[in-house]
1. Please determine whether any residue of the stretch 519-526 is of a type in the set (D, E, K, R), farther than 19 Å from Asp421 by Cβ and either free of Cβ contacts under 8 Å to residues at least 40 places away in the same chain or loosely packed, with under 15 Cβ neighbours inside 10 Å (or both).
2. Is there a residue in the stretch 389-403 that is over 16 Å from Phe517 (Cβ atoms), in contact with a helix residue (DSSP H, G or I) (Cβ under 6 Å, 6 or more places away or on another chain) and not in a helix (DSSP H, G or I)?
3. Go through the residues of the stretch 97-107 one by one and say whether even a single one is more than 16 Å from the ligand (Cβ to nearest atom) and either among the charged types (D, E, K, R) or in contact with a Lys or Arg (Cβ under 8 Å, 6 or more places away or on another chain) (or both).
4. Which numbered condition in (1) open to solvent by 10 Å² or more (accessible area, probe 1.4 Å); (2) closer than 30 Å to Phe287 by Cα; (3) more than 12 Å from the ligand (Cβ to nearest atom) is the only one that Lys228 fails?
5. Exactly one of these conditions fails for Asp494: (1) among the acidic types (Asp, Glu); (2) assigned to a helix (DSSP H, G or I); (3) within 20 Å of Cys446 (Cβ to Cβ). Give me its number.
6. If we keep just the residues of the stretch 288-347 that are of a type in the set (Gly, Ala, Ser) and free of Cβ contacts under 8 Å to residues at least 12 places away in the same chain, which is surrounded by the most Cβ atoms within 10 Å (Cβ to Cβ)?
7. Quick one: how many residues across the stretch 201-234 are assigned to a loop (DSSP other than H, G, I, E, B) and in contact (Cβ under 8 Å) with a residue 12 or more places away in the chain?
8. Please give the number of the condition Met449 fails out of (1) in contact (Cβ under 8 Å) with a residue 12 or more places away in the chain; (2) open to solvent by 20 Å² or more (accessible area, probe 1.4 Å).
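The values are calculated or read from the model by the stated rules, or taken from the named source; none is laboratory data. This one's a predicted model, so the numbers in the text were calculated from it and none came from an experiment. No Cβ is skipped: glycine too gets one built from the backbone with ideal geometry, and neighbour counts run over all protein chains shown. Ligands, DNA and RNA are excluded from the accessible area calculation, which covers all protein heavy atoms including side chains. Shrake-Rupley method; radii C 1.70, N 1.55, O 1.52, S 1.80 Å.
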Amino acid sequence: MDITKLIRDNIRRLKPYSCARNEFKGEASIYLDANENPLNTPYNRYPDPLQESLKAKIARIKNVRASQIMMGVGSDEPIDLIIRIFCEPGQDNIVAIDPTYGMYQVCADINNVEYRKVLLHADYSLDAGQLLNAVDGQSKIIFLCSPNNPTGNLLNHTEMEKVITGFNGIVVVDEAYIDFSPDASLLKVLDHYPNLIVLQTFSKAWGMASVRCGMAFASEEIIGYLNKVKYPYNLNLLTQSFVGKQLDFESRKNRWVEMIIDQRTSLAKQLTDLPRIEKVYPSDANFLLVKVQDANQLYNQLVEQGIVVRNRNGISLCLGCLRITVGTREENEELLNVISALNDPLHNSGIEMRKAVVKRTTNETDIYISLDIDGTGQTDISTGLGFFDHLLDQIGRHSGMDLTIRVRGDLHVDEHHTVEDTAIALGEALWKALGSKRGIERYGFCLPMDDCLCSVALDFGGRSWLVYDTNFNREKIGEMPTEMLRHFFKSLSDTAKMNLNIKAEGENEHHKAEGIFKAFARAIKMAIRRDAHNNELPSTKGML
Ligand SMILES: *Cc1c(COP(=O)(O)O)cnc(C)c1O
């Protein structure tokens, strides 16, 4: 295949801009060739226009020759350049799968090049024959995307090769998500196909979308044209050196990919179980295409809860679909919590759902709390302090609230921040989840008596106050300092805006602490009880 014949005449004839750094290559001791400022090293110098050292590293990682790489400001840059190199505006056309990434059409439109869409099968698989049927003598480029966006699936290798061998023009395969299915990359057949261009990016698996750095891989001849047409200094010094350094952490990228794939599996499974979700499509990428009941409504409801996904309803073959990027475990859990709460019949009948998620990160602690007041007492607690976990566990179990608490604190310093910050965040979660407080009992009290006498009374009246009348003789129970118990309830009553009165006496310190938490949980259970038929505020002042 003669690639030269496919190049637009003006591009073939183009004499590219020759910059100072092109004309003199090598090391000089004094640079007076580029009208740079001699001061402010190293930022005063123009960067390497061909990014040689960065490409050398990428070539090693990707197992290609450096001369087969063109670096771009994101992979969006090569998409545009490829169209400008091969397509005569108003004359030539591009053929692409549908649905796919929107930038191909935008770049075609900007360049005034006809863009022909060929539907994928209903299961989003590729039909090479149909794609090639749409080709005519003016077709210069075919765009494929694998794994495809927004459908998430890899395209079949054999079908793609049929397209590449059956088309007398350029085939671009966009592999933006290939790090999530690395074995499927077409880079290994790059040398077989002079008309193949593979696009990859640092924006997804490598976690550098803000850096704007992408790659095109192709024959030396095509790379030569891309270099001729691009802005001479398209990648600045900061990008080149930063990306170069990040490449040393490939194993970290691989761990991220593993984590995201794990999360993708569990998110897909849990989404499937929700009644509002009709179908979760299989994914080879870091997102899920999900068919839901009333996509526009769900999209808006999620936005109201502070969660933004991509609404793909209305795109070809994606009727009723949302595209959901896989986030961290906590983010995915929150998404699931919010969607399942929307499914909650109580919620749909207009009664507020009493759930909250609180995230709190400081230099000392990193805390995640998820609370469902109307749960069944399910708990999942890990603070790094065994006895503290045990106490917090009492709160969930004996109040009937579902409670997840995950804390990573500076326990190497001491227990103080972990206990205090957990209390602050838990109080905040209680306060948020209680919401309007309509219909609730508001007051709770409990006085259990086994070998310890503990009494706890509380009032969710909106003002914080603590009476704490007990003494511990031991300094610590497990690793938990007993002096921190008072501190815990003080911080909790502050952020939950509750009035709390605690008294306890007894011999066994473990039982006494546990008794306080149990009594506290029972008092909460009483105070949060809600009468759905009496949706009033339990206050004569009209506010709490
Ligand atoms: C995200 C994405 C890209 C990446 O674009 P950059 O400009 O490199 O950030 C390319 N192609 C597809 C299909 C994408 O989804």
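1. Within the stretch 519-526 (the criterion being of a type in the set (D, E, K, R), farther than 19 Å from Asp421 by Cβ and either free of Cβ contacts under 8 Å to residues at least 40 places away in the same chain or loosely packed, with under 15 Cβ neighbours inside 10 Å (or both)), the answer is no, since none of the residues qualifies.
2. If we filter the stretch 389-403 for residues that are over 16 Å from Phe517 (Cβ atoms), which is where we start, we get 402.
Add one more test, that the residue is in contact with a helix residue (DSSP H, G or I) (Cβ under 6 Å, 6 or more places away or on another chain), and what stays is none.
No: zero hits.
3. no
4. (2)
5. All conditions pass for Asp494, except number (3).
6. Let us first name the residues in the stretch 288-347 that are of a type in the set (Gly, Ala, Ser), namely 295, 306, 314, 316, 320, 327, 340-341.
Filter once more, so that each one left must be free of Cβ contacts under 8 Å to residues at least 12 places away in the same chain: 306, 314.
Numbers: Gly306: 9, Gly314: 11.
Looking at residues that are of a type in the set (Gly, Ala, Ser) and free of Cβ contacts under 8 Å to residues at least 12 places away in the same chain, I get Gly314.
7. Restricting attention to the stretch 201-234, the residues satisfying the condition of being assigned to a loop (DSSP other than H, G, I, E, B) are 202-208, 212-213, 218-219, 230-234.
Next, only the ones that are in contact (Cβ under 8 Å) with a residue 12 or more places away in the chain stay: 202-208, 212-213, 218-219, 230, 232-234.
Total meeting the criteria: 15.
8. For Met449, the exception is condition (1).
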